[in-house]
Amino acid sequence: MTEQRVYWQDVLDKLMLEEDAPTSKALARWQNRYPQYRNNLRSFFESWAARRTAAEGPDRDPIDEEKLSRRGFEFAMSMLRRQGRIVDLAPAADVKPFDQLVLTAVYLLRGRGDDMAVTDKVSAMRREEADLGAVFESLGRLQRNACIRPWNSDPKTEPGGVSKRYFTLMLAGEHALAEARVTSRVVAAALGDFA
């Protein structure tokens, strides 16, 4: 009958499934079972016992899970606020009727509206030409209220190789748009199925 070779990793796998703690009785039992790994088992049990003692040692401070969770949550929220992903919502009453039209234009242009495209879209909604200066002022107010965010395009993607400043809607802007849709017939008509 041929003797089947037992590998060290297989012995360790069995050991970890069967033993709860690195006791001297367990070591003796495993050394009797696998005498070819007698020294390896002794070394393994010594290091296992040392790691276990260090993990359960008296100089370990108890972990305050609630405090740790609270600090992690506060850090994540402050990071999201710095990135502009969380903003305090401005009441819709703070968004003037003309600003509502500009906000609607920014939404309809899906983040690809520069100041001229926004002006053209507002003009189309009003069915009269909008003043470019008034649109600039409105874009500034909406940006200060965190309703929109400007972003600069990559010059390589623009005709003429010149970067453009586009505007995109933020969460506060979506909130203001939802309110404006209820109060403005022009905005409601332009938004259609906006939720």
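The values are calculated or read from the model by the stated rules, or taken from the named source; none is laboratory data. Because the structure is a prediction, the values reported are computed rather than measured. Quick reminder, even Gly has a Cβ in these numbers, built from the backbone with ideal geometry, and neighbours come from all protein chains shown.
Summary table
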item: Single match in V106, V102, V87 (criterion: hydrophobic (A, V, I, L, M, F, W, C), modelled with pLDDT of 90 or more and under 25 Å from the mean Cα position of the chain (by Cα)); result: V106
item: Total residues in segment 125-136, condition among the hydrophobic types (A, V, I, L, M, F, W, C) and touching a residue at least 60 places away in the same chain (Cβ under 8 Å); result: 1
item: Candidate set: segment 141-166, residues that are more than 20 Å from the chain's Cα centre (by Cα) and under 14 Å from L101 (Cα atoms); chosen: the one surrounded by the fewest Cβ atoms within 10 Å (Cβ to Cβ); result: R141
item: Helices (runs of 4 or more DSSP H) enclosed by segment 72-190 - at least 2 residues per element that are in contact with a Cys (Cβ under 7 Å, 6 or more places away or on another chain); result: 171-183
item: Qualifying residue in segment 168-181 (condition: of a type in the set (A, V, I, L, M), at pLDDT below 90 and surrounded by fewer than 16 Cβ atoms within 10 Å (Cβ to Cβ)); result: yes
item: Qualifying residue in segment 31-41 (condition: in a helix (DSSP H, G or I), modelled with pLDDT under 85 and either loosely packed, with under 11 Cβ neighbours inside 10 Å or out of contact with any helix residue (DSSP H, G or I) (no Cβ under 7 Å at 6 or more places or on another chain) (or both)); result: no
item: Residue list for segment 99-129, filter: of a type in the set (S, T, N, Q) and within 18 Å of A146 (Cα to Cα); result: Q100, T104
item: Residues of segment 114-144 that turn out to be touching a strand residue (DSSP E or B) at 6+ places or on another chain (Cβ under 6 Å) and more than 16 Å from L171 (Cα to Cα), as a count; result: 1
item: Residues that are touching a helix residue (DSSP H, G or I) at 6+ places or on another chain (Cβ under 8 Å) and free of Cβ contacts under 8 Å to residues at least 12 places away in the same chain, drawn from segment 137-173; result: P155, G161, V162, S163
